[in-house]
Amino acid sequence: MNRILTALQPSGILHIGNLFGAIEPMVGLQSDENENLLFAVDYHAITVPQKPAELRRNILFAAATYLSVGIDPAKTILFQQSRVSEHTELAWVLNCISHMGELERMTQFKDKSQGKDLSVSVGLFAYPILMAADILLYDTNIVPVGADQKQHVELARDLAERFNNRFGETFVVPVPQIRKEGARIMSLDDPEKKMSKSAESEKSYISIMDDEATVMKKIKSAMTDSKSTIEYDEKRKGLANLLTIYSLVTGKHVNQVVSEYEGKGYGDFKVGLAGAVSAYLSPLQEKIKGYLESEDALIKILDEGAQRAQVIASKKMELVRKKIGVQL
Ligand code: TYM
């Protein structure tokens, strides 16, 4: 049996990168042979300021989205990170074996703290350690993530090995799983950058909740190039990204999409792509709205998930306490 785990920040907007990089792969990995865990990392979200009422809504929205994409709570333990306090407890222990230098090297921290002075939160700096705790607490074998999280999963591997060397075999060393297509959806207005919800311009990402008109507007203004043919060429980064999105929302191979647009230009292609994206998102949006109408049912699913997760987490934490010598 493999234990497969991933998590996402409930920070309001989920974009199609989150969907293709992490949520969909997790749906595809549900099977009787695996034990899967998926959770909303609300304690990661508060590493940057959050409005409490919004955060609450975002956690429910995240849960509604996972369920709508196809997460089945009978097959995947679905919960909210803060409800299993062992995550923060283990994070503290791991803080004490982590090095300042290895955290300073994390590219996401460098990006997020860029231009900010020393008022950047300690939480933002220590964030990858909490992520390592999320993973190691459950003896996770496989962590499906987008390419941007690879470095963080590698830190979790290093910490597992360091702890095991120092205190004896305790943690499974996890392996990141990054899908070939969809693990790095690029920004629409700058194909050199990854699609990100914290981007300055809303035009850079497609939110899962964007309506048809918004999707059309954003795709029409997506940056491409001055060539006129529709073909897959990695050097034509804007077009390559749009073709990848086209393939992911339709399930068609990129080559098939290319052949459908033979002899046509960007105008037709973008209209076709916007239509395909909306055809993919519309039913999903209806399902999400449906789940959000019954908050109590969502909370019940998350509560049950937290209880199941805690059974695993509390056993692991007991072992950790014994290993480090605080268990009398
Ligand atoms: P977060 O919330 O930033 O992103 C959630 C997931 O979406 C993926 N992703 C993308 N995939 C493809 N293209 C993109 N443009 C794109 N942008 C984001 C991310 O790689 C991620 O898989 N620290 C993590 C959350 C976390 C976690 C964990 C993940 C906390 N604990 C334990 C795995 C295991 C984060 O902030 O992801």
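The values are calculated or read from the model by the stated rules, or taken from the named source; none is laboratory data. The shown structure was predicted, so the numbers you read here are calculated from the model rather than taken from an experiment. All Cβ positions, even for glycine, are placed from backbone atoms using ideal geometry, and neighbour counts span all protein chains on display. Only protein heavy atoms, including side chains, enter the accessible area calculation; ligands, DNA and RNA are left aside. Shrake-Rupley method; radii C 1.70, N 1.55, O 1.52, S 1.80 Å.
So here's what we get for this one:
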| item | result |
| --- | --- |
| Value of relative contact order over region 231-270, rounded to a whole percent, pairs C-alpha under 8 Å and six or more apart | 29 |
| Loop trypsin sites (Lys or Arg not before Pro), region 186-290 (other Cβ atoms within 10 Å of the site Cβ: 16 or fewer; DSSP) | K193, K197, K227, K235, K252, K264 |
| From phi via Karplus (6.51, -1.76, 1.60), per-residue ³J(HN,Hα) for region 154-170 in Hz, x at Gly/Pro | 5, 5, 4, 4, 4, 5, 4, 5, 4, 5, 4, 5, 7, 10, x, 3, 9 |
| Within the accessible area of region 202-289 (1.4 Å probe), percent carbon and sulfur | 50 |
| Förster radius 22 Å - calculated FRET efficiency between L118 and S198, Cβ distance, rounded to 0.05 | 0.60 |
| I77 long-range amide H proximity, modeled H, under 5 Å | N36, L37, L38 |
| Cα-based helix-to-principal-axis angle, 52-69 vs the chain, degrees rounded to 10 | 70 |
| In degrees, nearest ten, helix 122-136 long axis to first principal axis of the chain (Cα) | 80 |
| Size of charge dipole - the chain - debye, nearest 20, with Cβ of Lys, Arg +1 and Asp, Glu -1, no other charges | 440 |
| Cross-link table K235/K289; K150/K237; K75/K110; K194/K227; K110/K300; K75/K235, entries beyond 31 Å C-alpha to C-alpha | K235/K289; K75/K110; K110/K300; K75/K235 |
| Per-residue SASA entry for M1, accessible area with 1.4 Å probe, Å² rounded to 10 | 150 |
| Added length on full extension, which subtracts the Cα-Cα distance from 0.36 nm per residue, K235 to K322 | 25.9 nm |
| In region 243-328, the GluC sites (Glu not before Pro) that fall in loop regions by DSSP, at most 12 other Cβ within 10 Å | E262 |
| Within the chain, percent of DSSP bridges classed antiparallel, to nearest 5 | 10 |
| Rounded to 10°, Cα long-axis angle of helix 266-293 versus longest principal axis of the chain | 40 |
| Electrostatic dipole magnitude of region 90-197 [Cβ: Lys, Arg +1; Asp, Glu -1; Cα centre; debye, to 20] | 120 |
| Sequence-separation-based contact order of region 1-83, relative, with Cα cut under 8 Å and 6+ spacing, percent | 43 |
| Debye-sum result for region 1-125 in log10 I(q)/I(0), which assumes one identical scatterer on each alpha carbon, at q = 0.13, 0.18, 0.19 Å⁻¹ | -0.63, -1.12, -1.20 |
| Positive-end residue, region 202-289 charge dipole about Cα centroid, Cβ charges, pick of I206, T229, G272 | I206 |
| Relative contact order [Cα under 8 Å, 6+ residues apart], the chain, whole percent | 22 |
